[in-house]
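Asks: Structure provided below as C-alpha cells; questions to follow.
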Amino acid sequence: MAPLRSYVSGQWHTPPDEGAPLHDAVTGEEIARISSAGVDMAAALEYGRKQGAALRELTFHQRAALLKALASHLMEHRSDLYDLSHRTGATAGDNKFDVDGGIGTLFGYSSKGRRELPNDTVYVDGGLEPLGKGGTFYGQHICTPLHGVAVQINAFNFPVWGPLEKFAPAFVAGVPSLIKPASQTAYLTARLVELIIESGILPEGSLQLVAGGAGDLLDHLTEQDLVSFTGSASTAQRLRAHENVVRRSVRFNAEADSLNCSILGPDAVPGTPEFDLFVKQLVNEMTVKAGQKCTAIRRAFVPAAHLDAVAEAASARLAKVVVGNPRNPDVRMGALASLEQREEVRRSLKALLEAGRVVFGDPDNVSVVDADVSRGAFVSPVLLLAADPELAQPHEVEAFGPVSTLMPYNDTVHVIALAARGQGSLAGSVVTSDASFAREVVLGVAPWHGRILVTDSVNAKENTGHGSPLPSLVHGGPGRAGGGEEMGGIRGVLHHMQRTAVQGSPQVITAVTNRWVPGSSTANDVHPFRKNLEDLRLGDTVVAGPRTVTMEDIEHFASFTGDTFYAHMDEDAAKANPFFGGRVAHGYLVLSFAAGLFVQPDPGPVLANYGLDNLRFLTPTFPGDSLTVTLTAKQITPRHDQEYGEVRWDTDVTNQNGESVAKYDVLTLVAKREKTS
C-alpha cells in the first residue's frame, strides 16, 4: 500500500519508508499508509514565507476572487470527496457538515472579503485619531499580513472542513498555510489538497501539506508564523508550551474539545414545541458524525420535574437511529474514525458511569446494518442520566463519540453554575420560549462560552443547530475549550495580520492608508463627477455654495415632506428647546441643499448614489444661514469584475461662520473608462 504524499516546497514528496497503516473505519481494511519521513520542515516553512510575497501583493478582493474560484472547483469535485469520506465512517448527512460545510466556508469568506474589505493590501482598523489641535498630526491603526506561514494542526473528525475553515481567513489575509492533518483521516485531507493543487487556481506556495508526524516543525517557527490547533485540551497545552513557541512568541490559537451543554427552559414542558426541539437537537448532536464533534452536546440540563420525560422521549428517538455502513441510505449513524477511537470512547464511558446510569444504548454492543461489527469502529449511541449533577465526572470527562449525559437542575442560578463547571465551552444552547429566562441564562453563562444558540419555535426552521459553526461567527471558547477564536468573519482574517499604530501628518496617513485625511492635499481643477474611476485621485474636490436657507424653504420642506416637527414649525416650542433656541432647518433639508450644490447634473461617469455613512448633524441651521459644501474623494475602490467601482466622498457642510453643520460620507458608483477595441 503506497504511503500518502506530502506537498512541500512546491513539489510532491513520497516518504522513503513504509509508514504506519491507515484503516477504513467501516471495514477495517488498510487503505493507505502515512509517514512524514524525509520532509524538511524548516525548508517548507521558509518556502512558504518566501512565496508568500506574491500572495501579499494581491489585494483582498483579488484573493477573495481566487477563493470563490477554488470553492466552485471543489463543488464540481465534491462527489470524489464524498466517496472517500464514507471510509472515515461519515454518512451522506455527515458530508453536509464536513465537505459541504468546508466549501461553504470558502464561499463565505470570498463574499466577506469582497464586501467588507477594501480592494487594497492594507486594512484600516478604526477611525482616525487626532493627536494635536492644529490638524497636522494624526494616528491611525492599520493591519498588514504577517510575513510567515499559518500552520494548521488539525483533528481527525473534520478532515475537509477543518483545513478549509482555517485556510480561508488566512488566504484572504495574505498568509500561506501549511496543513498537518490528524493521521486517522489524513487520506481525505490529502485528496482535498490534491484537488486544490491540481486546479492551479492558487498562487504557488499558498498551501502545503505534511502527511504524517509534525517532527521538528515547531522548532523552526518564527514570530511571523502562526499555529492554529484543533484537538484535545492536553495536546493544546503541550504544544502551546513548546520552547520555541514560547521563546519566539508565536501566535498560538487552540480550539479544544469541550463539555458543551444544552439547557431546557422551565417553560418547555412536555407537549410544547420547545420540548420536542430540545429532544430532537440532543439526538442530532449525539449522532451526527457519530458524536465526533467538538461542539456536540455532552451535558443536557433539564428541570428536575421533566428529567424522566426527556429521557423517555430521547430514548424513543435514539431507538430509531440505524447504525451501520454509511454508504447505505438507510443508515443514520456511521462508525467512529478508528478502532482506537472506539476504545477511547469506551474508557471514557466507564468513568462517566461512576456518576450515572445508562438510559439508552449498550457501551459494549451495537447492531449494525450492512457491515461487520467485529471489523468496523462501531458503537451504540449512549444516553446517560446522572441524578446528582454535583458529581464531578460529567463536568470533567468527555466521551468523544455518541454520548451525552442528562442532569437535573433546580432553578436558573443552579443551571448557570452547572454550565460553568465545564470550565469553558465552544458552544452552548438554551431551548426556551421565555425571553427573560433566555437573557438571564445567556448573560450568566456567556463568560464560559464562545457561542450560545437560543432555540424556540420561532427560529426553529431557520436556525443552523447547536453544533454548527458558521464563517460569520466566532468558533472557539475560553478555558478548557482552548482560549482561542477562529472564523468570526473578518475577525478571523485580522488574526493573521499585525495591527500597527501609525502616527504622522495628514499627507503621510493618506499615503499609507489610501484614504484621504483632512489636511492633506486637494485638487479642484475639474469637477470630480466628470472623471472616470481611473482618472479620479484621492483629494479631488469640489467646493460649492453658498446657499441661503430661508424660512420659506423650511416651511415648504415641512409641507412637502410632512415633517412638521415642532423645532421646525413652532417658534415658542423651539425657543424652549435648549439645543436650538428658535426654529431650525430640517437636517434632511440641509442634506438636500448640499446635494443640489455639489452635484454635476449632466450624464457622466457617476452612475448612482447608493448611500450615506457616518452622518452627524453638528450645528443647527437657522433661517438666514448660508451653506457651503466641500466634497472630497476619500476612498476609491475598483471592482475587478465590474465596469465600475465605488467612491467614498468626504462631505463637510459649513455655515457662514465656518462651523460644520453636517459631516458624512457620500457613497457613489463610478464608471470605468470604456474599453477600446
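The values are calculated or read from the model by the stated rules, or taken from the named source; none is laboratory data. Every value quoted in this text rests on a predicted model; they were computed, and no experiment measured them. No Cβ is skipped: glycine too gets one built from the backbone with ideal geometry, and neighbour counts run over all protein chains shown. In case anyone asks, the SASA skips ligands and DNA or RNA and just uses the protein heavy atoms, side chains included. Shrake-Rupley method; radii C 1.70, N 1.55, O 1.52, S 1.80 Å.
Asks: Hey, A37 hits all of (1) among the hydrophobic types (A, V, I, L, M, F, W, C); (2) within 28 Å of the chain's Cα centre (by Cα); (3) under 30 Å from A377 (Cα atoms) but one; which does it fall short on?
Replies: So A37 meets the others, but not (2).
Asks: I'd like to know if region 621-637 contains one or more residues that are among the polar types (S, T, N, Q), at pLDDT 95 or above and more than 29 Å from T510 (Cβ to Cβ).
Replies: Yes, there is a match, as at least one residue in region 621-637 is among the polar types (S, T, N, Q), at pLDDT 95 or above and more than 29 Å from T510 (Cβ to Cβ).
Asks: Residue by residue through region 606-626, note down the ones that are at positive phi and polar (S, T, N, Q).
Replies: Answer for region 606-626, where residues must be at positive phi and polar (S, T, N, Q): just N614.
Asks: Here is a follow-up. Going through region 533-553 one residue at a time, which ones are assigned to a loop (DSSP other than H, G, I, E, B) and either closer than 30 Å to M569 by Cα or open to solvent by less than 40 Å² (accessible area, probe 1.4 Å) (or both)?
Replies: Quick first cut of region 533-553, residues assigned to a loop (DSSP other than H, G, I, E, B) only: 536-539, 549-550.
L536, G539, V549, T550, listed by residue number.
Asks: List every residue pair whose Cβ atoms lie under 8 Å apart, where the two residues are 6 or more positions apart in sequence or sit on different chains, the first residue falls within region 241-252 and is farther than 13 Å from D225 by Cα, and the second residue, located anywhere, is assigned to a helix (DSSP H, G or I) and at pLDDT 95 or above.
Replies: Qualifying pairs under 8 Å: H242/L218.
Asks: While we're on this one: Suppose the filter is open to solvent by 40 Å² or more (accessible area, probe 1.4 Å), in a helix (DSSP H, G or I) and out of contact with any strand residue (DSSP E or B) (no Cβ under 7 Å at 6 or more places or on another chain); does K68 pass it? Outline the logic, then answer.
Replies: Values: open to solvent by 40 Å² or more (accessible area, probe 1.4 Å): yes; in a helix (DSSP H, G or I): yes; out of contact with any strand residue (DSSP E or B) (no Cβ under 7 Å at 6 or more places or on another chain): yes.
The answer is yes for K68.
Asks: Still on this structure, please answer the following. Any idea which residue in region 501-532 is farthest from the chain's Cα centre (by Cα), counting only those that are of a type in the set (D, E, K, R) and open to solvent by 60 Å² or more (accessible area, probe 1.4 Å)? Outline the logic, then answer.
Replies: Keep residues of region 501-532 that are of a type in the set (D, E, K, R), which gives 515, 525, 530-531.
Filter again for open to solvent by 60 Å² or more (accessible area, probe 1.4 Å), leaving 515, 525, 530.
Working: R515: 27, D525: 45, R530: 40 Å.
In this case the residue turns out to be D525.
Asks: Which of (1) open to solvent by less than 20 Å² (accessible area, probe 1.4 Å); (2) within 18 Å of F400 (Cα to Cα) is the odd one out, the single condition L353 does not satisfy?
Replies: L353 satisfies every listed condition except (1).
Asks: Something else now. Could you please tell me which pairs satisfy a Cβ distance under 9 Å, a separation of 6+ or placement on different chains, a first residue in region 396-416 that is free of Cβ contacts under 8 Å to residues at least 60 places away in the same chain and under 15 Å from K293 (Cα atoms), and a second residue that is open to solvent by less than 10 Å² (accessible area, probe 1.4 Å) and of a type in the set (K, R)?
Replies: none
Asks: Answer yes or no as to whether V430 is modelled with pLDDT of 95 or more, buried (at least 24 other Cβ atoms within 10 Å of the Cβ) and not in a strand (DSSP E or B).
Replies: Details: modelled with pLDDT of 95 or more: yes; buried (at least 24 other Cβ atoms within 10 Å of the Cβ): yes; not in a strand (DSSP E or B): no.
Taking the combined requirement at face value, the residue does not satisfy it.
Asks: Go through L391, L349, L383 for me and flag whichever is on the phi < 0 side of the Ramachandran plot and assigned to a strand (DSSP E or B). Before you say what the answer is, go through the steps one by one.
Replies: Values: L391 fails: assigned to a strand (DSSP E or B); L349 fails: assigned to a strand (DSSP E or B).
None of the others qualify; the one that does is L383.
Asks: Could you count how many residues in region 71-83 are among the hydrophobic types (A, V, I, L, M, F, W, C) and open to solvent by 40 Å² or more (accessible area, probe 1.4 Å)? Give the steps one after another, and end with the answer.
Replies: To start, the set of residues in region 71-83 that are among the hydrophobic types (A, V, I, L, M, F, W, C) comprises 71, 74-75, 81.
After this cut, where a residue has to be open to solvent by 40 Å² or more (accessible area, probe 1.4 Å) as well, the list is 75.
Residues in region 71-83 being among the hydrophobic types (A, V, I, L, M, F, W, C) and open to solvent by 40 Å² or more (accessible area, probe 1.4 Å): 1 in total.
Asks: Follow-up question, since we're still on this one. In region 356-380, which residue that is touching a Pro at 6+ places or on another chain (Cβ under 8 Å) and outside any strand (DSSP E or B) is farthest from T27 (Cα to Cα)?
Replies: Step one: filter region 356-380 for residues touching a Pro at 6+ places or on another chain (Cβ under 8 Å), giving 356, 360-361, 379-380.
Next cut, outside any strand (DSSP E or B) only: 356, 361, 379-380.
Details: G356: 33, G361: 22, V379: 14, S380: 17 Å.
Looking at residues that are touching a Pro at 6+ places or on another chain (Cβ under 8 Å) and outside any strand (DSSP E or B), I get G356.
Asks: Filter region 595-626 down to the residues that are touching a Ser or Thr at 6+ places or on another chain (Cβ under 7 Å) and of a type in the set (A, V, I, L, M) and list them by number.
Replies: Within region 595-626, V606, A608, L618 meet the criteria.
Asks: Turning to a different aspect of this structure: Check whether at least one residue in region 79-88 is outside any loop (DSSP other than H, G, I, E, B), among the aromatic types (F, W, Y) and without any contact (Cβ under 8 Å) to a residue 24 or more places away in the chain, and report yes or no.
Replies: Taking region 79-88 and keeping what is outside any loop (DSSP other than H, G, I, E, B), we get 79-88.
From what is left, the residues that are among the aromatic types (F, W, Y) are 82.
When the remaining residues are screened for being without any contact (Cβ under 8 Å) to a residue 24 or more places away in the chain, the result is 82.
The answer is yes, given that some residue of region 79-88 is outside any loop (DSSP other than H, G, I, E, B), among the aromatic types (F, W, Y) and without any contact (Cβ under 8 Å) to a residue 24 or more places away in the chain.
Asks: Looking at region 238-339, what strands (runs of 3 or more DSSP E) fall wholly within it and have at least 3 residues that are modelled with pLDDT of 95 or more and open to solvent by less than 10 Å² (accessible area, probe 1.4 Å)?
Replies: Once the strands (runs of 3 or more DSSP E) in region 238-339 are filtered for at least 3 residues that are modelled with pLDDT of 95 or more and open to solvent by less than 10 Å² (accessible area, probe 1.4 Å), what remains is 260-264, 297-303.
Asks: When you look at S404, is it open to solvent by less than 10 Å² (accessible area, probe 1.4 Å), among the polar types (S, T, N, Q) and at pLDDT 95 or above, yes or no?
Replies: Yes; evaluated as a whole, the condition is true for this residue.
Asks: Which fully enclosed strands (runs of 3 or more DSSP E) of region 109-200 have 2 or more residues being within 24 Å of D40 (Cβ to Cβ)?
Replies: Values: elements: 123-130, 138-145, 150-153, 177-180.
Fully inside region 109-200 and qualifying: 150-153, 177-180.
Asks: Which condition number in (1) part of a helix (DSSP H, G or I); (2) in contact with a helix residue (DSSP H, G or I) (Cβ under 9 Å, 6 or more places away or on another chain); (3) closer than 25 Å to A92 by Cα is the one that R342 fails?
Replies: Result: R342 passes all but (2).
Asks: Okay, moving on. Is it the case that region 489-500 has a residue that's open to solvent by 60 Å² or more (accessible area, probe 1.4 Å), closer than 30 Å to E165 by Cα and in a helix (DSSP H, G or I)? Don't jump to the end; show me each part of the working.
Replies: Our first condition is that a residue be open to solvent by 60 Å² or more (accessible area, probe 1.4 Å); within region 489-500, this holds for 491, 498-499.
Going one step further and asking which of them are closer than 30 Å to E165 by Cα, we end up with 491, 498-499.
Still in the list and also in a helix (DSSP H, G or I): 491.
Yes, that holds for at least one residue.
Asks: Taking into account only those residues within region 569-611 that are part of a helix (DSSP H, G or I), modelled with pLDDT under 95 and in contact with a helix residue (DSSP H, G or I) (Cβ under 7 Å, 6 or more places away or on another chain), which is surrounded by the most Cβ atoms within 10 Å (Cβ to Cβ)?
Replies: Selected residue: A574.
Asks: Limited to region 30-46, what total is found for residues that are in a helix (DSSP H, G or I) and open to solvent by less than 50 Å² (accessible area, probe 1.4 Å)?
Replies: Of region 30-46, the ones in a helix (DSSP H, G or I) are 41-46.
Next, only the ones that are open to solvent by less than 50 Å² (accessible area, probe 1.4 Å) stay: 41-45.
Result for region 30-46: 5.
Asks: Hey, does region 616-625 have a residue that's under 38 Å from the mean Cα position of the chain (by Cα), part of a loop (DSSP other than H, G, I, E, B) and surrounded by fewer than 16 Cβ atoms within 10 Å (Cβ to Cβ)? It would help to see each step written out before you state the result.
Replies: Going residue by residue through region 616-625, those that are under 38 Å from the mean Cα position of the chain (by Cα) are 616-618.
Filter once more, keeping what is part of a loop (DSSP other than H, G, I, E, B): 618.
Filter once more, so that each one left must be surrounded by fewer than 16 Cβ atoms within 10 Å (Cβ to Cβ): 618.
So far as region 616-625 goes, yes, one or more of its residues are under 38 Å from the mean Cα position of the chain (by Cα), part of a loop (DSSP other than H, G, I, E, B) and surrounded by fewer than 16 Cβ atoms within 10 Å (Cβ to Cβ).
Asks: Looking only at residues in region 642-656 that are assigned to a loop (DSSP other than H, G, I, E, B) and under 20 Å from V606 (Cβ atoms), which one is most open to solvent (accessible area, probe 1.4 Å)?
Replies: As a first pass, look at region 642-656 and keep what is assigned to a loop (DSSP other than H, G, I, E, B): 642-643, 655-656.
Imposing the further condition that a residue be under 20 Å from V606 (Cβ atoms) reduces the set to 642-643.
Working: Q642: 71, E643: 103 Å².
Ranking the candidates gives E643 first.
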